[in-house]
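Reviewing the structure listed below.
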Amino acid sequence: MAKLKPLKFAGSVNLGNPDERQERLTDSGVMMGTVDYMSPEQVRNEEVDQRSDLFSFGSILYEMLVGQRAFYCNSKAETMAAILKEEPPKLAELSETNKLISPEFERIVRHCLEKKPDLRFQSARDLAFALDALLAPLGTRPEPEPKQKPKQKPKWDRTPGGKTVKTSVFGSAWLAWTAAALAILALSAIWFRRAPVESSITYTYLPLPEKTTSLDISGATISPDGQRVVMMAVTDGVNRLWLYSFDRATPELLPGTDGAQAPFWSPNSQSVGFFTQNKLKRVEISGGTPISLCDVPLGAGGTWNSAGVILFAPQFNGAGLFQVSESGGKPTPVTNLAATRFETGHNFPYFLPDGRHFIFFTQAGQPDYRGIQLGSLDDPQTRFLVRADTKAEYSSAGYLLFMHRRKIWAQRFDPDKLTLSGEALPITESVYYEAPIRYADLSVFGPRTLIYRRGGNQARQLVWLDRHGKQLSVVDPVGDYRSMQLSANGEQVLLDNNDLEFETSDIWQFDLLRNTRTRWTFNPGTDTYPIWSPDGSQIAIASNREGFWGIYRVSGNGNEELLLKGDQKLLLTSDWSGDGRFIVYRQAQEKTGLDIELLQLFGDRKTLKYAATPFNESYGVISPDGHWMAYQSNDSGRYQIYVQSFPEPGRKIPVSKGDGMLPRWRRDGKELFYVATDDKLMAVPVQTGAHFSAGVPSALFEVGSLGRRLNRYVYDVSADGQKFLVIRQLEDATTRPLTVMQNWTAALKR
């Protein structure tokens, strides 16, 4: 192991005369510290905190393990550039000995060396717990070692299955590396000179399985026995369920769970329910083929009681909660949406301890009615409990835990009297959830354990890219942007922008030449999926502002007109025909999932079915010559791009090579673009007119995972097909591991 050089500090401290101690130790603009161990923010001369120290510690730990510095170069300037832009080599690549280092231990080192402070461990306490977790089952801290311990006797543990295993950060190596790491940690605590935090809260993390990515909601939920966590992760463009067992080092894939959404546990912790392929299914964690229980086009959460009743939420279907037997059968309704309260969905049900009462989250077109309600299998009446932004769960510590304004709050709850009391208190900061869809990771076990995903505001920015993905310019300001569409001349762009403070999603217009913006809609509902009229004087949007989903036409003078009154089922706009006669939208249906429909803007404004199958069709966009429609469908089990004649549908023509989503036409009709499952933007040469033909798709550049994860347009193309306006995620919270917070009740005493 390489010999470490003494740590160097700039400046000096006089501990003699108190008056002399007041002399200034630093000068403005002078960089402090040894270059080789500086954090990126220190190199940039930005404000630093304890997370900068953790980066420095990671550099020292890396050097200790491999015998060379993580970012060593021939000059200080080159070293600083490497700290800002490069990643150190993997430990296993540097020597045969380092191949013994476990992936879990290397992840800890890498976590310290994240470029962005928010992605590192947030305190030395977090880091210490992560190191401890390598020596003990997840969620526990190691017992103190006996004072007299037999020398050179390896420490062995037995798993619940009785198998004898050696506890180590290496597959078969000594514990010396871990002991050394903990020793370094103790020494670094002195070096950091941070005041100790008086708290018994501990944290550890569940990283994504290798070679997977995450959706904006992983659906992570802890089992009733507290021994496992199930979550969703994406491989090859397909989300599947993965199982973390706290007595094993790596997660396992649950077979047969392709396309799975919103998993939930059986009360005996032996089965998992989930939604996929328009079905509600269950699968045994010990293996076997999943069993279909009933038809559900899309799902937004479920819960399972000891009497064998499954309560579930069909997503976007404009209905309340349903129940079905754990052995399958016909679902029966349990709750109904209240139009007078602007309700558009009942989601994320959760059984309380008696197995008859439950809580659930209410989606509503007005913020005052969004929150947690109480229901019962024995009574159709429900009762509003508390304002919230997404799901809630009950902890046996006697609290209801719910999310509001990106924090998790705890409020006293009596499960017998079914009443809240006292004041709600925050127990976390900066929790991630996806608004306005209002998905979140939040799961509770017993009186101590809480699982969530850390995050912050969804900072996104518009950038212009060329066909090679080279950035041409940036459009300010930053916002929480989602759907977008360029104007015909490419000088304006419509965006729906979520506003956390006012809990709304409104439509904004950006002038790309003058760098100015104009707001089109002002109301507390969700206004989304904006599209331009052919002449650019009006826009059409989907909105739930009145307690139902409808299509509205908005003029530049502020006048608004309801074109199509839907119901509580999700209804979203995707295109406006060039002749002004049709608006294309997608409609959620109970039996056929998402369908593509047409709204006639002439005569008596009839609605027409265009693509209605047992599968999900959406994002219908009309070719510039008005003869063809491109759209995405999952009829093959995965989303692909197809083209049919318009306005009368004809033979379905496949366009994408493999999977594809979010089609866009070039305005001269010579190309069709879409996003592949590897997040590459694909270009397909096409010919339109009386007949349609498509060439071979080719990859242009990586557009990012945001569009695929949200299933929303995050790009548009200039008229000549040479430039692309793209929404870029400045910080991807979905790459962060899940946080396991132990003894969260201690946060209530702060």
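The values are calculated or read from the model by the stated rules, or taken from the named source; none is laboratory data. Given the structure is predicted, the values throughout are model-derived calculations rather than measurements. Ideal geometry is used to build each Cβ from the backbone, glycine not excepted, and the neighbour counts take in all protein chains shown. The accessibility values were calculated without ligands, DNA or RNA, using every heavy atom of the protein model including side chains. Shrake-Rupley method; radii C 1.70, N 1.55, O 1.52, S 1.80 Å.
Laid out as a table, the results:
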read-out	value
Qualifying trypsin sites (Lys or Arg not before Pro) for the range 205-306 [loop in DSSP, other Cβ within 10 Å: at most 12]	K211
Residues whose placed amide H lies under 5 Å from that of S483, excluding near-sequence neighbours	D496, Y529
Restricting the range 589-666 to chymotrypsin sites (Phe, Trp or Tyr not before Pro) in coil, as DSSP defines it, with at most 13 other Cβ within 10 Å	F602
Nearest-0.05 FRET efficiency for T613 and S286, computed from C-beta distance (R0 25 Å)	0.10
T332/K670 FRET efficiency (R0 45 Å; Cβ-Cβ; nearest 0.05)	0.25
Vicinal HN-Hα couplings computed from phi for the range 395-406 (Karplus, 6.51 cos²θ - 1.76 cosθ + 1.60; Hz; Gly/Pro x)	9, 5, 6, x, 10, 9, 9, 8, 10, 8, 6, 6
Pair Q471, S636: separation of 7 Å Cα→Cβ label points (nm)	3.5 nm
Interchain or long-range residues, amide H under 5 Å from D659's placed H	T677
Cβ-Cβ FRET estimate between N557 and A690, R0 fixed at 25 Å, reported to 0.05	0.05
Links that overshoot a 27 Å alpha carbon limit, given the list K211/K680; K85/K470; K116/K407; K211/K652; K591/K657	K211/K652; K591/K657
Extension gain, E93 back to D118 (0.36 nm per residue minus Cα-Cα distance, nm)	6.3 nm
Protein accessible area in the range 621-750, 1.4 Å probe - carbon and sulfur %	48 percent
Net length gained if the chain between N45 and S396 were fully extended (0.36 nm per residue, minus Cα distance)	121.7 nm
Label-point separation in nm, D236 to D499, each point 7 Å along Cα→Cβ	4.6 nm
Length released on extending from S718 to T516, taking residue separation times 0.36 nm less the Cα-Cα span	70.8 nm
Residue-normalised accessible area of the range 346-486, given per residue in Å² at a 1.4 Å probe	35 Å²
Residue-by-residue Karplus 3J(HN,Hα) for the range 77-82, coefficients 6.51, -1.76, 1.60, Hz, glycine and proline x	4, 5, 5, 5, 5, 5
Separation of the D535 and S487 label points, Cα + 7 Å toward Cβ, nm	1.4 nm
HN-Hα J in Hz across the range 320-337 - Karplus 6.51, -1.76, 1.60, θ = phi - 60°, x for Gly and Pro	x, 8, 10, 10, 8, 6, 5, 8, x, x, 8, x, 10, x, 10, 10, 10, 6
Sparsely packed trypsin sites (Lys or Arg not before Pro) within the range 524-570, loop by DSSP, other Cβ within 10 Å at most 11	none
Three-way shape call for the range 477-547 based on the alpha-carbon gyration tensor, with the a/c threshold at 1.5	oblate
Formal net charge of residues neighbouring G308 (Cβ-Cβ distance under 14 Å; K, R +1; D, E -1)	+1
Placed amide H near L512: partners under 5 Å, 5+ positions off or other chain	Q492, V493
Whole-percent carbon and sulfur share, accessible surface of the range 277-369, 1.4 Å	49 percent
Carbon and sulfur %, accessible surface of the range 410-543 computed with the full protein complex present, 1.4 Å	50 percent
